[in-house]
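Below is one structure; the comments refer to it alone.
The values are calculated or read from the model by the stated rules, or taken from the named source; none is laboratory data. On a predicted model such as this, the values are computed, not experimentally measured, just so you know. When we count neighbours, we look across all protein chains shown, and the Cβ atoms used for this are built from the backbone with ideal geometry, even at glycine.
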Amino acid sequence: MYKIVIPGDFVSDDAKRAGEGTYVEEGKVYATTYGVVDDKGDIRVVAFNGKYLPTRGDVVIGKVIEISFPYWIVDIASPYEARIHMSEISTRGGKRIEFGDMNTILDLDDLVAVNVLNVDALMRIDLGLKEDLQIGRGNGRLIEVPPTKVPRIIGRKGSMIRMLKDKCNCFIFVAKNGRIWIKGKTKDIKLASEVILMITNEAHTSGLTDRVAEFLDSVKTER
Amino acid sequence: MGLEIMDDVRKDFVRNMLSEGDREDGRGFREYREISLKRDIMNKAEGSACVKLGDTEVLVGAKLEVGSPFPDSPTEGVLITNAELVPLASPEFESGPPNEKSIQLARVVDRGIRGSGVIDLGKLCIEEGEKVWILFLDIHVLDNNGNLVDAAALGAIAALQNIRVPNEKYGLTGEETLQVHDTPVAVTMVEIDGTIVVDPTCNEENAATNRLTVISNADGSLSGLQKTGSYGMKEETIVEMVELGIEKAGEIREKFLNVPS
Amino acid sequence: MKKEGEIEFIKDGKRVDGRSFDELRNIKIDVGVLKRADGSCYFELGNNKVLAAVYGPREMHPRHAQDAKMAVVKFRYNMAPFSVDDRKRPGPDRRSVEISKVSREALDPVILREYYPKAAIEVYVEILQSDAGTRTAGINAASVALADAGVPMRDLVSSVAVGKVGGEIVLDLNAVEDNYGEADMPIAMIARRNTITALQMDGNLTKDEFEKGLKLAMKACQQIYELQRTALIGRYNKGESAKLKDSGT
């Protein structure tokens with residue numbers, strides 16, 4: 001059974017295990033966020049909702065919102081804008097990028113899959129481009145869920161997302177910042193989105209993988 | 001937004017001093033700076049006062065004009081309190097429309113006056129539903145070194161005490177002076193690391209977690225309270241501050257406001 | 001505040017609306033009522049209808065207003081023109097500016113602002129129907145909406161007003177009591193910590209009445225806190241839907 005907590009709720013006496021979504025006061029662990037307690041390993045509160053905070057190594061989906069030589073400024077669904085330095089791509093085709101030409105490589109509104117290279121104390125975020133993954137081209141849909149739901153959508157060792165990809169016949173890329181790129185036939189995309197919404201809504205419940213499998217099978221037989 | 005502009009070094013300095021029982025100007029924790037009050041100093045205003053609280057200097061002018069009453073109170077005059085934090089008074093003040101700081105200052109002073117019934121607004125009615133006196137209290141800050149509220153509130157009462165009603169200007173006859181029924185006094189205190197300090201300077205305001213203004217009347221009752229600041233306070237602290245506020249108000253009243261009428 | 005002889009505020013130990021001195025009006029709380037906002041709450045207090053929305057943490061504009069160490073909380077209290085008997089002119093006035101400031105400071109102490117340097121957390125409170133006590137309803141709604149948005153906090157904030165009517169200290173004034181009563185004192189507090197985060201008073205109270213009122217308000221905040229908590233816990237137990245939105249906004 002899962003336990004819902006709100007900010008300030010007492011979670012545990014074991015301050016050494018206090019993890020994400022908690023704070024410690026006088027040796028006691030309290031929740032900072034509205035969410036569900038997870039006490040396997042660290043004592044964490046998995047938030048129902050919240051904004052993405054980038055960590056080095058994350059792979060996220062961003063949108064170019066500004067070009068300011070030598071940077072592309074990228075929205076990554078976080079309170080902070082991130083940037084891609086020109087040198088991240090300037091080797092492409094062996095040609096140097098000139099001032100004023102940056103938009104020919106990546107233009108405003110272009111979607112990109114990026115790695116978080118570095119986050120400093122002032123929340124300046126440097127990104128590297130994942131050039132092997134093209135977002136927003138061809139038949140697809142980009143949806144957004146609270147980033148706190150991402151682990152559930154991926155599932156233990158990727159079990160949930162593997163099942164989704166298989167049964168929906170879609171290419172699905174789940175980025176750390178809660179943006180999900182789905183590519184495939186329109187009706188398959190629709191089904192995949194529906195299931196992702198179901199997972200998002202029921203992320204805090206147990207037995208979810210089985211229910212999703214059941215649901216997908218029932219849809220399959222209908223078809 | 002003063003609280004942010006302060007650099008940490010000065011904040012720490014204020015704190016360290018308090019922890020050693022001292023204040024930047026050497027005062028006791030419950031001691032006011034030297035107060036000076038001058039009345040009736042502006043001859044264009046119907047009433048005026050200038051208050052100095054150490055380096056803090058505030059000018060209050062009262063103007064009376066004839067105007068229309070509010071539809072929901074046809075037999076009452078109107079009191080309008082306004083405050084301007086002009087850039088001349090502090091590097092932190094900017095010109096422009098009233099901001100939340102100046103609005104709060106005016107409204108707290110205004111509430112103190114209303115809460116204790118200083119002015120009988122009914123007496124300001126000239127002709128029911130048509131003509132009433134509009135009483136403007138304008139607080140003009142000249143030099144800000146903290147605790148504007150107490151200076152402004154004291155200046156406001158003093159200005160009201162010396163109002164000459166401009167009957168002649170409007171071709172009216174009537175009483176020449178305004179009856180001032182009470183003498184509410186505002187006393188502001190801050191809490192810094194659990195220490196209560198009266199009449200804070202700018203540095204002390206900035207180092208403080210919370211500020212509480214207690215406005216009390218001649219009979220010791222309260223006519224206004226306002227907490228400012230982004231931190232929580234304990235009930236005991238608030239109660240202690242209220243008691244202290246009433247006590248300090250008595251001292252100020254005795255010295256400056258108990259004029260023979 | 002004016003005294004009105006003809007209204008009998010207290011009759012047989014009951015107030016004009018039949019409540020006892022220490023009784024709150026009916027409270028209704030709905031969490032997550034808006035789809036676009038990151039968090040939201042609808043709050044009814046008697047005849048008051050209040051809506052709060054939270055956006056963020058998000059990029060703070062203008063940039064010079066950023067705080068390098070912590071998020072800035074922006075709070076806007078706004079009354080709908082039709083929320084009162086005589087139409088209110090739209091937009092901010094002096095009263096709403098002051099209430100916005102006091103409300104923001106009531107919530108600041110619980111928000112873990114240091115988690116989001118340079119960012120803004122925006123709180124918008126709309127008073128749709130007003131019947132005295134709107135600022136307290138707004139703070140209550142905002143506190144729940146902040147939790148709903150996933151904003152990290154130390155605790156919730158609960159708020160209520162007490163006042164003096166017909167010579168008695170009473171809880172949660174309604175419009176008639178507020179208009180003709182002798183004093184009004186809104187407070188906000190972190191109920192579980194007995195810590196007061198907002199305190200205002202206007203009108204006239206003795207020191208003893210003040211202390212009695214403060215105690216009464218603090219007790220009522222505990223009740224309100226329980227209702228806020230129940231609303232939040234109940235939301236996910238009901239299986240309310242989360243949001244799925246197409247990206248790129």
inquiry  = Anything in the stretch C:171-200 that is crowded, with 23+ Cβ neighbours inside 10 Å and charged (D, E, K, R)? List them, or say none.
reply    = C:172, C:177, C:184
Residue check, residue C:33 of a type in the set (A, V, I, L, M, F, W, C), without any contact (Cβ under 8 Å) to a residue 24 or more places away in the chain and not in a helix (DSSP H, G or I) = yes
query = Which members of the stretch B:201-220 meet the condition of being outside any helix (DSSP H, G or I) and more than 16 Å from residue B:32 (Cβ to Cβ)?
reply = B:208, B:209, B:210, B:217, B:218, B:219, B:220
ask   = Hey, among C:91, C:56, which residue is buried (at least 20 other Cβ atoms within 10 Å of the Cβ) and at pLDDT below 90?
value = C:56
request  = Kindly indicate whether any position in the stretch A:152-165 is of a type outside the set (D, E, K, R), under 30 Å from residue A:207 (Cβ atoms) and within 14 Å of chain C (Cβ to nearest Cβ).
outcome  = yes
query = Can we say residue B:198 is at negative phi, within 14 Å of chain C (Cβ to nearest Cβ) and either at pLDDT 95 or above or surrounded by 17 or more Cβ atoms within 10 Å (Cβ to Cβ) (or both)?
reply = no
request  = Among residues belonging to the stretch B:98-130 that are in a loop (DSSP other than H, G, I, E, B) and surrounded by fewer than 17 Cβ atoms within 10 Å (Cβ to Cβ), point out the one that is farthest from the other protein chains (Cβ to nearest Cβ).
outcome  = B:130
ask   = Identify, please: which residue in the stretch A:114-151 is small (Gly, Ala, Ser) and touching a residue at least 24 places away in the same chain (Cβ under 8 Å) and is, among those, nearest to the other protein chains (Cβ to nearest Cβ)?
value = A:136
query = What are the residues in the stretch A:158-173 that are over 16 Å from the mean Cα position of the chain (by Cα) and in a helix (DSSP H, G or I), if any?
reply = A:159, A:162, A:163, A:164, A:165, A:166, A:167, A:168
Odd one out for residue C:87 among (1) of a type in the set (Lys, Arg); (2) away from every other protein chain (no Cβ under 11 Å); (3) free of Cβ contacts under 8 Å to residues at least 12 places away in the same chain; (4) touching a strand residue (DSSP E or B) at 6+ places or on another chain (Cβ under 9 Å) = (4)
inquiry  = Checking the condition in contact with a Lys or Arg (Cβ under 6 Å, 6 or more places away or on another chain), surrounded by 20 or more Cβ atoms within 10 Å (Cβ to Cβ) and small (Gly, Ala, Ser), which residue from A:203, A:192 passes?
reply    = A:203
note = Those residues of the stretch A:178-223 which are under 27 Å from residue A:133 (Cα atoms), more than 11 Å from chain C (Cβ to nearest Cβ) and charged (D, E, K, R) amount to A:183, A:185, A:187, A:188, A:190
query = Which condition number does residue A:164 fail, the rest of (1) over 19 Å from residue A:217 (Cα atoms); (2) surrounded by 22 or more Cβ atoms within 10 Å (Cβ to Cβ) being met?
reply = (1)
key: Scope the stretch C:63-117; condition among the β-branched types (Val, Ile, Thr) and under 21 Å from residue C:148 (Cβ atoms); matching residues   = C:72, C:73, C:110, C:111
note = Of the residues in the stretch B:134-166, those that are over 14 Å from the mean Cα position of the chain (by Cα) and assigned to a helix (DSSP H, G or I) come to B:161
